[in-house]
Amino acid sequence: MQLEARVATADDLDAVVETIAVAFHNDPVWSWAFPDAARRPAQFREWWPLFVRSAVPHEFTWMTPRAASVAVWTPPDVPELSEESLATIPALLDKLLGTRAPVVLEGLLLFDSAHPHDEVHYYLGFVATHDDHRGQGIAEQLLAQNLKRIDAEHMPAYLESSNPKNLERYGRLGFVPRDEFTLPDGGPPVTTMWRPAR
């Protein structure tokens, strides 16, 4: 049966952010960045809108009904973050993390350094399933649908896996490990993955 999915709009911003905030609460990378578990939900609800607000206008952020699962993509040749969002990051991190902000900013720069710039591609920034819907394979089905569209354009795709548990899932979808980097201050490893054009 075909998974029901559609492109998210500005009206879906809060629902998409909520799913990401819930799904990434225990993620190795993002719990490293925001280590206070009690404060993390509120911090996430300020942090994730920067990314979702930047992505939605490109019309390749996908969601299933009620944002049970979401996939935030950046199409080829457009920046992941708008200039406005990018300019906001240092002050927002200072507000949310205080003295920890510089080490998290250093970690974010590692993501940027690892990102391939020699071949245009679709970039999967985030895929998330709300806790209420986990374990049903919705995210993998959603990504498979997205990748069919990307394949129709004969474009490659790139992602960073923030959780080693997801490597097998991405492998089933045709992504192969490309490289790995480790976040500073005792942070976790991040695996970059590439899916060649088809």
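Would you confirm, using the coordinates I've provided, whether residue 87 is closer than 22 Å to residue 45 by Cβ and among the hydrophobic types (A, V, I, L, M, F, W, C)? Yes; evaluated as a whole, the condition is true for this residue.
Per-residue answers, yes or no, for (1) of a type in the set (Lys, Arg); (2) farther than 23 Å from residue 4 by Cβ; (3) surrounded by 15 or more Cβ atoms within 10 Å (Cβ to Cβ):
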| site | (1), (2), (3) |
| --- | --- |
| 148 | yes, no, no |
| 157 | no, no, yes |
| 162 | no, yes, yes |
| 181 | no, yes, yes |
| 191 | no, yes, yes |
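Does residue 168 satisfy the condition of being in a helix (DSSP H, G or I), farther than 16 Å from residue 74 by Cα, more than 16 Å from the chain's Cα centre (by Cα) and charged (D, E, K, R)? Yes: the conditions hold for residue 168. Every test in (1) of a type in the set (A, V, I, L, M); (2) more than 20 Å from residue 29 (Cα to Cα); (3) out of contact with any helix residue (DSSP H, G or I) (no Cβ under 9 Å at 6 or more places or on another chain) is passed by residue 167 save one, and that test is (2).
If you check 14, 36, 77 for being acidic (Asp, Glu), without any contact (Cβ under 8 Å) to a residue 60 or more places away in the chain and part of a helix (DSSP H, G or I), only one passes: 14.
Which residues, counting only those in the stretch 58-74, are of a type outside the set (Val, Ile, Thr), touching a residue at least 40 places away in the same chain (Cβ under 8 Å) and either surrounded by 15 or more Cβ atoms within 10 Å (Cβ to Cβ) or not in a loop (DSSP other than H, G, I, E, B) (or both)?
So in the stretch 58-74, the residues of a type outside the set (Val, Ile, Thr) come out as 58-60, 62-63, 65-69, 71, 73.
Checking which are touching a residue at least 40 places away in the same chain (Cβ under 8 Å) leaves us with 59-60, 62-63, 65-69, 71, 73.
Within the stretch 58-74, 60, 62, 63, 65, 66, 67, 68, 69, 71, 73 meet the criteria.
Of the residues making up the stretch 104-144, those that are within 23 Å of residue 13 (Cα to Cα), part of a loop (DSSP other than H, G, I, E, B) and within 16 Å of the chain's Cα centre (by Cα) number 1. Would you check if there is a residue in the stretch 92-104 being of a type in the set (Lys, Arg) and loosely packed, with under 15 Cβ neighbours inside 10 Å? Scanning the stretch 92-104 turns up at least one residue that is of a type in the set (Lys, Arg) and loosely packed, with under 15 Cβ neighbours inside 10 Å.
Here, each number is a calculation from the coordinates, and none is a lab measurement. Predicted model, so just to flag it, every value in this text is computed and none were measured. Positions of Cβ are generated from backbone atoms using ideal geometry, with glycine treated the same way; all protein chains shown enter the neighbour counts.
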